[in-house]
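The values are calculated or read from the model by the stated rules, or taken from the named source; none is laboratory data. Quantities reported herein were computed from a predicted structural model and do not represent experimental measurements. As a convention, Cβ positions derive from the backbone with ideal geometry for all residues, glycine included, and neighbour counts pool all protein chains shown.
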Ligand SMILES: [Zn+2]
Ligand SMILES: [Zn+2]
């Protein structure tokens with residue numbers, strides 16, 4: 001059976017992706033309500049009851065909202081590091097089936113090897129992932145203020161990359177809803193990647209093996225899909241990486257499913 005990968009939704013108020021292989025059905029973050037995640041899995045003909053695990057990058061609510069429904073009620077195993085576990089326990093006060101990993105370590109969920117690495121973001125111990133299936137590798141880079149050397153090295157092997165394009169710098173600066181302190185937080189080295197920073201990350205990690213970049217975690221007020229797309233597409237074209245597809249994911253609906261043999 002082919003490996004299938006679908007972003008069920010991504011944006012600054014909810015993030016969740018789904019990977020299915022012969023031996024694993026994994027969510028990467030669960031940042032929608034249990035009901036929303038159920039509905040979005042149903043579009044793929046799947047149910048939360050058949051999940052083999054949920055990987056959590058960090059404890060912000062746009063990544064963990066659905067854990068109560070999925071992990072407390074359905075007992076889906078929840079993979080995270082210790083500090084993230086403690087933060088989750090403070091928010092939910094429910095008994096979860098935690099599987100603790102050390103940041104930087106790798107572990108297996110069925111036939112998927114999960115590499116973990118630290119990312120600079122204002123959470124307790126935020127991580128990115130490289131999910132290695134039998135044939136392909138999928139990198140996750142959302143929620144990071146800047147891309148460290150380590151981050152670039154860890155996702156350089158990816159065939160598919162989920163990359164944060166949180167905001168357009170000008171739209172964020174001009175935004176009237178956000179107080180200056182919030183803007184400072186977003187712009188800090190432990191905040192979020194803007195479109196241009198993400199474009200540079202894409203240019204740094206690209207190899208002949210990278211076939212698809214999904215742009216994610218867009219701010220509803222401070223970004224637009226075409227701005228994000230244009231920034232990353234232009235940068236990749238500039239360095240001759242025309243073989244890489246670029247698609248923008250949405251908060252509201254799943255992306256198309258990418259399938260590999
Ligand atoms: Zn987030
Ligand atoms: Zn976050």
### Task
Considering only region 141-208, give the helices (runs of 4 or more DSSP H) lying wholly within it that have at least 2 residues that are more than 19 Å from residue 227 (Cβ to Cβ) and either in contact (Cβ under 8 Å) with a residue 60 or more places away in the chain or within 16 Å of ligand 1 (Cβ to nearest atom) (or both).
180-187
### Query
Can you name every residue in region 17-33 that is in contact with a helix residue (DSSP H, G or I) (Cβ under 6 Å, 6 or more places away or on another chain) and under 19 Å from residue 217 (Cα atoms)?
29, 30, 31
### Summary
Of 89, 108, the only residue that is farther than 28 Å from residue 2 by Cβ, at pLDDT 95 or above and surrounded by fewer than 20 Cβ atoms within 10 Å (Cβ to Cβ) is 89
### Task
Exactly one condition in (1) away from ligand 1 (no atom under 16 Å from the Cβ); (2) surrounded by fewer than 19 Cβ atoms within 10 Å (Cβ to Cβ) is not met by residue 69; state its number.
(2)
#### Entry: Members of region 122-135 found to be surrounded by fewer than 21 Cβ atoms within 10 Å (Cβ to Cβ), in contact (Cβ under 8 Å) with a residue 40 or more places away in the chain and more than 16 Å from ligand 1 (Cβ to nearest atom), listed by number
134, 135
### Message
Looking at region 51-62, can you tell me whether even one residue there is under 19 Å from residue 249 (Cβ atoms), more than 13 Å from the chain's Cα centre (by Cα) and not in a strand (DSSP E or B)?
### Response
yes
